[in-house]
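This report refers to the structure that appears directly beneath it.
Read the figures in this text as sums done on the coordinates, not as results from a lab. It should be emphasised that the depicted structure is a prediction, and the values quoted were computed from it without experimental measurement. All Cβ positions, glycine included, derive from the backbone under ideal geometry; neighbour counts span all protein chains shown.
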Amino acid sequence: MNILAEAESNAAISILHALGLDKGCSIGINLKAKVKLVSEPQEIKNDFHQLFQSIEMVWKENGFPLPDEYGWQISSEIPIGQGLKSSSAISCAAIKALNQATWAGLNESEIVDIAVSSQRKCGCTITGSMDDTWASMSSGWKLVDPKKSALESIISEGKIEDEIIIFLILRGSRSNIIEINNFKEHSRIFERALDSILNDSIFQAISTNGMAVAAATEDDEAVRICNKLIANGAIAAGITGSGPAISVVSFIQDSETIRKVLYNSGYETIETNFIDNNSLELI
C-alpha cells in the first residue's frame with residue numbers, strides 16, 4: 001500500500017457562535033487531525049455522519065478527479081462532539097490531501113468552500129461552519145458571514161500575539177438539543193460578543209459568547225465553571241461551539257493557579273495553545 005498524499009489541519013475554539021447573529025468567529029488551536037490518502041480501500045471508523053462520502057461527492061461535483069483506487073487513514077488528537085471543530089479539521093485535511101494527490105491547484109479559500117459544502121451535505125453542521133473551517137486552515141481569527149463564499153465571507157480578522165495557554169475542559173457527551181430559536185432569543189448577549197470582536201477584545205468576546213451559548217443551551221454548570229476560573233485568574237472562559245467543552249485562556253504566568261483549580265475540581269482537561277503561521281501548510 002502506498003501513500004498518495006497526506007495533510008493535516010487543526011482544531012479551533014469559538015469566539016462567536018454563528019447561530020446567534022448569523023456571523024461566526026473562531027481561532028485555531030494546536031490539536032491536529034491528520035489524513036492520509038492511500039492506494040487501497042480502508043475502513044473508516046467513527047465516521048458517523050458519512051463525512052468522507054460527502055467529501056468525495058462534493059469533490060466530484062466540483063469537477064475534480066478521484067484516484068482509481070484509494071482509501072482514507074485518519075489520526076486525530078481532537079475530541080469528537082465537543083465543539084472543538086473536529087469535522088472542519090478532518091474535512092480540510094482530507095481536501096488538502098486530494099488537492100495534493102490530484103494536482104488540482106486549489107487555493108486556501110477554495111479548499112474552505114469545498115470543506116464547508118462537504119459538512120453541510122452530510123449534516124454535521126447547523127451553521128455551515130465557515131468560521132470553524134477558516135480557523136482549521138489559517139492562523140489568527142476571522143469574523144465571517146457564513147452565507148457567503150469563503151473568499152467573500154471575511155468581515156474582519158486578526159491575530160493574538162500574547163504568550164497564552166489554553167485549557168480545554170471536556171465534560172462528556174453533548175446532552176442538550178441545539179434549538180436555533182434559543183440562540184436568537186439571546187441575541188443581545190451575542191451582540192456584546194460581536195462588539196468585543198470589532199474592538200479587538202477577543203478574550204472578552206470568548207467569555208461573553210460562552211455566556212450566550214450557556215444561556216441558549218441552559219447550561220448553568222458551564223456558567224459556574226467559567227466564573228470560578230475567571231475569579232482565579234483566567235483571562236477568558238466560555239463554552240466552545242455548542243459545547244460541552246469549555247475553553248479557558250490564561251497567561252503563562254497565571255497558568256499554574258488555573259491548573260491547580262482544574263485538578264482539584266476533577267475535570268478532564270487538555271492543555272494547548274493557539275496555532276501560529278509556522279505550523280501551517282497548504283498541502
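Selection among ALA205, ALA215, ILE270 by position relative to the dipole of the chain gives ALA215 as farthest towards the positive end (Cβ unit charges, Cα centre). The C-alpha atoms of region 1-83 occupy a region whose extents along the principal axes are 44, 28, 21 Å, arranged from largest to smallest. Here the relative contact order of the chain, from alpha carbon pairs under 8 Å that lie six or more residues apart, stands at 24 percent.
Taking packing as the residue-averaged number of other Cβ atoms within 10 angstrom, the listed peptides 220-232, 22-34, 154-166 run from highest to lowest as 22-34, 220-232, 154-166. Counting only Cβ charges, +1 for Lys and Arg and -1 for Asp and Glu, the dipole size of region 3-159 around its Cα centre is about 380 debye.
Reducing region 98-139 and region 6-75 to their Cα centroids gives an inter-centroid distance of 7 Å. Going toward the positive end of the dipole of region 3-159, with +1 on Lys and Arg Cβ and -1 on Asp and Glu Cβ, which of LEU98, SER156, PRO65 do you reach last? Towards the positive end, the residue furthest out is SER156.
A protection proxy built from the mean count of other Cβ atoms within 10 Å ranks the segments 131-140, 233-242, most packed first, as 131-140, 233-242. Only lysine pairs 8 or more places apart, or on different chains, with alpha-carbon atoms under 19 angstrom apart are counted in region 67-152, and they number 7.
Can you tell me the relative contact order of region 3-159? Whole percent, Cα pairs under 8 Å, sequence separation 6 or more. Provide the component values of the computation, followed by the final result.
On the way: 347 pairs, mean separation 48.6, N = 157.
With pairs under 8 Å counted, the relative contact order is 31 percent.
Label-to-label distance, GLN73 versus LEU151, with points set 7 angstrom from Cα along the beta-carbon direction: 3.6 nm. Straight Cα distances below 17 angstrom link LYS228 to the lysines LYS260, with same-chain residues fewer than 8 positions distant left out.
Against the longest principal axis of the chain, how steep is helix 187-198, in degrees 0 to 90 to the nearest 10, with axes from Cα atoms? The angle comes out near 80 degrees.
Across GLN82, GLN119, GLN50, mean-square fluctuation computed from a Gaussian network of the chain (C-alpha pairs under 10 Å connected) peaks at GLN50.
Its Cα centre serving as origin, the chain has a Cβ charge dipole (Lys and Arg +1, Asp and Glu -1) of approximately 460 debye.
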